[in-house]
Amino acid sequence: MASFSLSKYLKKRKITLRQELWIALLIVIFVGFISSVLISTNSAKNYFSTQLYLKNVDNASSLALMISQLDKDPVELELLVSATFDTGHYKRIELQNPNGEVIVKRTFTDELKATAPKWFRAMYGLNVQPGVGQVNNGWQQFGTLFIESHSQYAEQALWESALKLFFSFLIVAFFACIVSAYFLSRILKPLDDVVYQANAFGEKRFIKSSVPRTFEFARLVQSMNQLSTRFSRIIKEDNKRLEELRFKSQHDELTGLANREYFGATLEAHLQKSKDHAHGALFLFRVVNLDKMSEQISRVEMVNFLRRFSQVLIEFLESNEAHFSENYIARISHNDFTVLFSDTDDIEVLSKKVVRLHESFIEEYKNIELAIPHSCTYIQKNDTRFDVLKRADELLKSADNKPGVQAKVSDNKQKSELFDDATSWQNAIEEALDNKALEINTYPVTSFTGQLMQNQLGLSLELGGQIYRASYYYQWANRLKLLARLDWGLIKALVAQYSIEPPSELISVELSAQTLLDDAALASILTYLSAFPDLASKICFDIRESIAVSEIKIFKGFCEDVRCMGAKVALKRVGPEFTKIEKIQEFGLEMIKIDSVYGHNISYSQDNQTFLRGVCTLAHSIGIKVVAQGVTSQDDLDTLINLGFDGVIKE
């Protein structure tokens, strides 16, 4: 029964190839070791037996000859036999007459003091035949002499020899194990690479490995590398096709700026985020006499003019990034251009700077009477897309159409509900973090059948005695470089809430660019979470798409570190730059979260539907789930299901 249970246990137990090879090697070494000891000991036994027998024969012959030459006086015979017996290691010396009667006999009956154990003497006891010599008296036979040496001396020598052989072969076996371990590690090193690559495939990371010299491993690695190459080629081709489709559907053909439809969706998404706290502004630029210009210059010159004008706006944005967190530029009509700013509160400064740039631009076209007015307005709380565009357009209409550059700046800036200056904001945020005056908000990510996929976490702070969500204080935290501290505060609050009883579902936590680019801050978070492995395995880190594209090496290293601690990684606010992420199949992403810009009114945008269907197909081919953000209407949800989305984020 016991053997049957052991057999079942061994069948169920998984054993690695390395363990099997080690078992085989140890068995071979053990068998060789035991065989060598046994064979050598038996050879020594045979040698000792032969030598003892020859000694018996020689001694019997020489003593018989000596007795034959003596008178056969009984006393002399007794003395000679006794003297011989006492001077050698004999067990028995016996002289018999021809009738078999004993004439003289000496025997040794005591036990020698020996260290050889009884079991060894029982196994390797020497059974040596006595030496026989004929004693003559003249021409007649006097008797027969028997000499038998004592075998215990030889057995003791055999035991000592066996011990030396045992320890000698044991040392040889030990060094054989060391040498075997070295060569085994060399032989199996390619196997470790194969296992690592196979595990990477299981984690949705389609990487390549170097081809080993071992023929069998080389064939396996080549096959897996071919699979990885095939995935890479498919993803590269799909990325190229998706990027071409996305750019064509979302950008103006002449200038390369975003078109009206895409900008409208972007503005709508921005306004949705501004419900708690308005934090943006809109600039509207108009080339008033563009139609008249088209009559004066050729089409090629007109295209070059529009592109040059667009480039001036882009240069303006690149040189003033300190005044806002994000910007979106678009050509929304034949002669209208617009820029949407996030997290800005100094549009007058921006307006003055763009005026100077446009004045320089007009100097390049002195032969054409250019009129380039612009208007700018802050986005108000609860504004709609129609409200913002109408307000900017009415401001622009109030400008005259005379040549030159004009600016109409709205004075509708809302006073902050709490603080007016950066120092007050910094003190308030730091005080909330120091006093742990914060709350964790949960936003479920569900499938279309209602099944919970993960919970997305956000951090609310108590500011001025009231709790505010992240959208309220985010712009100031970003400006004041406090996002890394906020991430650390969220992680500590998360551990305090879930460390004792980890959740059954995934929880996603967004890490900012400030954390990802700060080695010390990132190491602190990962090291801290490593102390809670059960919780770490339930965490999915959300990283914005823009960070993954701009800091691809850092992002790749982050994915590897997170994977080692058992956590997962997802991309957030995925959209225009998704196709620019190189070798996305090697990151092992758990999920991508499509930006609300694409999900809003998706049921009415065939171009976005085509793009998102391609994104879903590409993501699913490498095992990545796709969810949408900011989608509420049933028509949009039905469209997402048809496109292949896995779920939505309920905010």
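The values are calculated or read from the model by the stated rules, or taken from the named source; none is laboratory data. Bear in mind the structure is a predicted one, so any value in this text is a computation, not a measurement. Note that each Cβ is placed from the backbone with ideal geometry, even for glycine, and that neighbours are counted across all protein chains shown.
Points worth noting:
- Positions within segment 188-230 being in a helix (DSSP H, G or I) and in contact (Cβ under 8 Å) with a residue 60 or more places away in the chain, in sequence order: 188, 191, 200, 228
- Figure legend. Inter-residue proximity from segment 159-171: first residues touching a residue at least 60 places away in the same chain (Cβ under 8 Å), second residues surrounded by fewer than 16 Cβ atoms within 10 Å (Cβ to Cβ) and not basic (Lys, Arg), beta-carbon distance below 9 Å, spacing 6+ or different chains. Indicated pairs: 169/32; 169/34.
- The residue of segment 317-346 that is surrounded by the most Cβ atoms within 10 Å (Cβ to Cβ), among those that are at pLDDT 90 or above and hydrophobic (A, V, I, L, M, F, W, C), is 341.
Quick grid of which residues meet (1) closer than 30 Å to residue 38 by Cα; (2) among the basic types (Lys, Arg); (3) touching a residue at least 60 places away in the same chain (Cβ under 8 Å):
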residue: 70; (1), (2), (3): no, no, no
residue: 74; (1), (2), (3): no, no, no
residue: 82; (1), (2), (3): no, no, no
residue: 88; (1), (2), (3): no, no, yes
residue: 95; (1), (2), (3): no, no, no
residue: 131; (1), (2), (3): yes, no, yes
residue: 138; (1), (2), (3): no, no, no
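- The single condition among (1) part of a strand (DSSP E or B); (2) over 23 Å from the mean Cα position of the chain (by Cα) that residue 598 does not meet is (1).
- Residues considered: 258, 269, 281. Of these, the only one that is modelled with pLDDT under 85, touching a helix residue (DSSP H, G or I) at 6+ places or on another chain (Cβ under 9 Å) and surrounded by 19 or more Cβ atoms within 10 Å (Cβ to Cβ) is 269.
- Test: residue in segment 199-210 that is closer than 30 Å to residue 556 by Cα and among the aliphatic types (A, V, I, L, M): yes
- When residues of segment 58-80 are limited to those that are of a type in the set (S, T, N, Q) and surrounded by fewer than 18 Cβ atoms within 10 Å (Cβ to Cβ), the one nearest to residue 144 (Cα to Cα): 61
- The criterion of at least 1 residues that are of a type in the set (Gly, Ala, Ser) and either at pLDDT below 85 or exposed (fewer than 14 other Cβ atoms within 10 Å of the Cβ) (or both) is met, among strands (runs of 3 or more DSSP E) falling completely within segment 97-178, by 131-137, 140-149.
- Of all residues in segment 304-327, those that are under 26 Å from residue 483 (Cβ atoms) have Cβ atoms under 9 Å from Cβ atoms of residues that are of a type in the set (Gly, Ala, Ser) and not in a strand (DSSP E or B), 6 or more apart or on another chain, in 326/546.
- Among all positions in segment 179-189, there is at least one residue which is surrounded by 17 or more Cβ atoms within 10 Å (Cβ to Cβ), of a type in the set (A, V, I, L, M) and at pLDDT below 85.
- Any chance residue 541 is assigned by TED's automatic domain parsing to the domain that holds residue 639, within 16 Å of residue 513 (Cβ to Cβ) and assigned to a helix (DSSP H, G or I): no
- Criterion (within 30 Å of residue 301 (Cα to Cα), in a loop (DSSP other than H, G, I, E, B) and of a type outside the set (Asp, Glu)) met by exactly one of 402, 408, 353, 381: 402
- Residues of segment 538-580 that are more than 19 Å from residue 526 (Cβ to Cβ), β-branched (Val, Ile, Thr) and either touching a residue at least 40 places away in the same chain (Cβ under 8 Å) or buried (at least 21 other Cβ atoms within 10 Å of the Cβ) (or both): 574, 579.
- Reported count of residues in segment 231-273, each being assigned to a helix (DSSP H, G or I) and touching a strand residue (DSSP E or B) at 6+ places or on another chain (Cβ under 8 Å), is 7.
- Whichever residue in segment 285-302 is surrounded by 14 or more Cβ atoms within 10 Å (Cβ to Cβ) and β-branched (Val, Ile, Thr) and, among such residues, is nearest to the chain's Cα centre (by Cα): 287
- Pairs meeting the criteria (first residue in segment 386-397 and closer than 13 Å to residue 281 by Cβ, second residue at pLDDT below 90 and of a type in the set (Val, Ile, Thr), beta carbons under 9 Å, at least 6 apart or on different chains) are 388/379; 395/409.
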